[in-house]
Each structure stands twice: as C-alpha cells, then as structure tokens.
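Right, one structure below, let's go through it.
The values are calculated or read from the model by the stated rules, or taken from the named source; none is laboratory data. Note that the coordinates shown come from a computational prediction; the quantities given were computed from them, not determined experimentally. Note: ideal-geometry Cβ built from the backbone for every residue, glycine included; neighbour counts use all protein chains shown.
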Amino acid sequence: MQTKAIAAIEQNKDLVLLAPTGSGKTLAFLLPLLDKLRLDVQQTQVLILAPARELALQLEQVIKSLGSDCKTLCCYGGHLIQTERNSLKHPPHIIVGTPGRIADHVRRGHICTNNIKYLVLDEFDKALELGFQSEMQDIISELGAAEQRILTSATNMDEIPTFVRMKGYETLNFIPDNQIQENLTLKGVRAEAKDKLDAFFKLACMLGNEPMVVFVNHREAAERISAHLNDMGLAHDTFHGGLKQEDREKALIKFRNGSHHILLTTDLASRGLDIPDIKYVIHYHLPNQKEAFIHRNGRTARMKSSGIAYLIFAHDEPIPEYIEDSFTFEILTDDSPLPTLPDWQTIYVDHGKKDKINKVDIVGLFMKKGNLQKEDIGLIDVLDYSSFVAVQRDKVKPLINLLQNERIKGKKLRIMVST
C-alpha cells in the first residue's frame, strides 16, 4: 500500500487512499510530501486536515519524528487561538489541524493560502460523519493554488463530494472485501439483567491487568461506568468528546504508558489514534452499524498479533444481524480478584518543549537527583508546556520528595502525580 501510494503521489496524481486503521496510511502520504517541500521557501505549502484533535497532534508528532527540517504547526480547538495566530505570523511549511479551527484561521486571514500546493484530507469519511463538510468546503474554496489533493479513508466511499475538487484521481483500495481480521477472536458475555455494569466489572476482573479499550455509544454512559469503577476501586480512564482537551490528552498518555489498563471511550477512539498493543476490545454497547464494529475491533489483532473482542449483551438483547461470525459465550464468575494497580504511575512536570525541555533533560534529572535507575522510568511525553513521565509506582513518592525544590535548566520545577 505504501509503495503504491508513494509512487502515485510522486507522480503528482490526486489520490484516494482506502486502507484499514493501523495499516500505515500516515507514512504513505507524509514521506513523499516531505520530499516535495521547498525548505528555502518560508511559506505554508502543505495543509493536512484531520477530524480529531488527537489525530492532528499525532500527525504533528510523526512529522517531527521523521527528522525533517520543515517547520510544522498544529492548530485545533480547545486552547487559545491567539497562540496559534502568533505562530502563523511566521508561516510554517506544514499546517496540521482540525477543520473547525483551520476554517476559523482562514476566515480571519491568519493563514496565507497562496502557496499551499498540497492538501491532505485524512480520515475524510470520519470528518464527514462528524459534520465538518461546511468547514472543509470553506477551506478548500480558498486553495486556488493547490496542485495535488490526497484523501484517506478507512471505509469504502461510493463517490467523492464535488467540493473536494478531485480531478482525474487514482484510487488505491486496500480494504479487504470481508474486513474480517484473521487473528481476532470474538467472545460473548451475557449479563443477568438489562444493566451491564455488574457483568462488565466481573469481566474486567477476569481479564486482569491487560490493556483493554471499552467502547460505549454515548459519553454519558462512559461517565456513569467510570463512576461505578471508581466506587469499586478499579483503575481506569475515560476518553470522549465532552472532556477538555488536556484531560483527553492525559487519558491517552496514561493508557499508552501503562498507568491505566482500561480506557472507557466512545467511537472517538476507534479510528486513527496510535494506541498500540491492545489485547482486548470490549463492546459494552454494540454499535448500530457494521462499519463502526469493524473500526472498533481494529484496535486489536493488528500487525499479525492476536486479539479478542468481547461483546456484552443484556439478558434479552439480540445479536445484531451484521455479526455474521459465530462465537461462544463465556460464563462469568464472582471469584476473580480485583486487579492490582498497574506497575507504572504518571508524573506531571510543569515544563515542556516551549521551555526548551526535552526527554534527555528529564531522564538526567530523575536519575541524578531522583535516584532512579533507567528501568524505573517508562514512556515520556513532552508537550508544549508540560511533560508526563511514567515511573515505577513504588518509586513515585520518594521521587517527588527528592525533586520538590529542584530546577531544570535553571527553572524551578512543579512536580506531582498526574490525576
């Protein structure tokens, strides 16, 4: 898929790239576009639209990880637009952002579109589903200089809307006809009543400390289940569109670094996001559409690894017609112990990239002043104005006590357990 996509983009063809979540679409369009950039021209040349803030931020991180000298800016709602406007006064080579925030910048004249030659509509079908057609249409109408358009999607599309202005495009379709994951096992769980809380809690205890993504159909359900898990003492986090951006970021960071093994989420987390090594997908609610079911299951059994998707049914809930594969029901027991707390815990540091702080600085401080060994430190996420560090749980309290009055690059630290 990547080889063919790169070849098409290098030939300056408009491209519709259809491939499942987790198949590598991001590198397929980023690598050839980075080669096309003129770094000596200090103007925005590439615009990438993504349907969710987390996906936009993830795209920005991938670009930076590739080691290019291009300047990249990520624009999204949930924080001050003035910060982005100040950065746009010195146009970046690449702008990544959500349709709503990018449309706002374009309307205000903050983004100069005269030199934007390459447009990417990433996870385009999801952007339409979330209602961003008007914003995308407004943006595209201002891209008179665009020479190439690339559209990616994880679902088949019968037709491309005319407002995208694709001309003579090539379609590369790598979506399997049946979309059945070879290494995915389906299992059912039957609740004894209409409320599934007790059945889910028993299932979570039975599965133990393994990474699992739990899908619900509404954010209110995520909050209700979360409150119950809090009462039962089961560590977890929630992720949905009703949360503040900083809380969504923290939830993903803590899930990725192993501080929480359970992520309660809506379908917002079913597409595009980099959430690796998921052993279990749990459908607390079954989705209404088959495509949503497929995308959720795409969180596990990826890259030749195996995974299990559990389907929780109320006592009288029918099996949806779109589930054609046979599966067995497991019997839940009451004797599974409450999972122990994860080995890792996340530490918050109130400095980040904008303070000229990087991972090496943090590791050096934690080891030299905090008396940690290398194996005591896990994943580190350095954001613009803060950092999050996974630390072995039994080392956290001593570390915080040792670092309370320390400085990093001459700046006094504020350090605490991330809540």
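Can you find a residue in the stretch 365-380 that is under 25 Å from Tyr76 (Cβ atoms), polar (S, T, N, Q) and touching a residue at least 12 places away in the same chain (Cβ under 8 Å)?
At the first step, the residues of the stretch 365-380 found to be under 25 Å from Tyr76 (Cβ atoms) are 379-380.
The next check asks that each one be polar (S, T, N, Q); those that pass are none.
Checking the stretch 365-380: not a single residue is under 25 Å from Tyr76 (Cβ atoms), polar (S, T, N, Q) and touching a residue at least 12 places away in the same chain (Cβ under 8 Å).
From the list Asp381, Asp376, Asp355, the one residue that fits, being at pLDDT below 95 and closer than 21 Å to Leu341 by Cβ, is Asp381.
Among the residues of the stretch 157-176, are any of a type in the set (S, T, N, Q) and over 26 Å from Gly97 (Cβ atoms)? Outline the logic, then answer.
The first filter runs over the stretch 157-176 and keeps only residues of a type in the set (S, T, N, Q), leaving 162, 171, 173.
Still in the running and over 26 Å from Gly97 (Cβ atoms): 173.
Taking every residue of the stretch 157-176 in turn, at least one turns out to be of a type in the set (S, T, N, Q) and over 26 Å from Gly97 (Cβ atoms).
Residues of the stretch 307-317 include at least one that is within 30 Å of Asn217 (Cβ to Cβ), surrounded by 18 or more Cβ atoms within 10 Å (Cβ to Cβ) and small (Gly, Ala, Ser). One residue stands out in the stretch 386-405 among those that are of a type outside the set (A, V, I, L, M, F, W, C) and surrounded by 14 or more Cβ atoms within 10 Å (Cβ to Cβ): the one that is farthest from Val363 (Cα to Cα), namely Arg393.
Restricting to strands (runs of 3 or more DSSP E) lying wholly in the stretch 1-86: which have 1 or more residues that are surrounded by fewer than 22 Cβ atoms within 10 Å (Cβ to Cβ) and touching a strand residue (DSSP E or B) at 6+ places or on another chain (Cβ under 7 Å)?
On the way: elements: 15-18, 46-49, 72-75.
So the answer is 15-18, 72-75.
Taking the stretch 147-177 as the search range and keeping residues that are β-branched (Val, Ile, Thr) and touching a residue at least 40 places away in the same chain (Cβ under 8 Å), which one is farthest from Ser134 (Cα to Cα)? Applying the filter and picking the extreme gives Ile175.
The single condition from (1) touching a Leu at 6+ places or on another chain (Cβ under 7 Å); (2) assigned to a strand (DSSP E or B) that Leu399 fails is (2).
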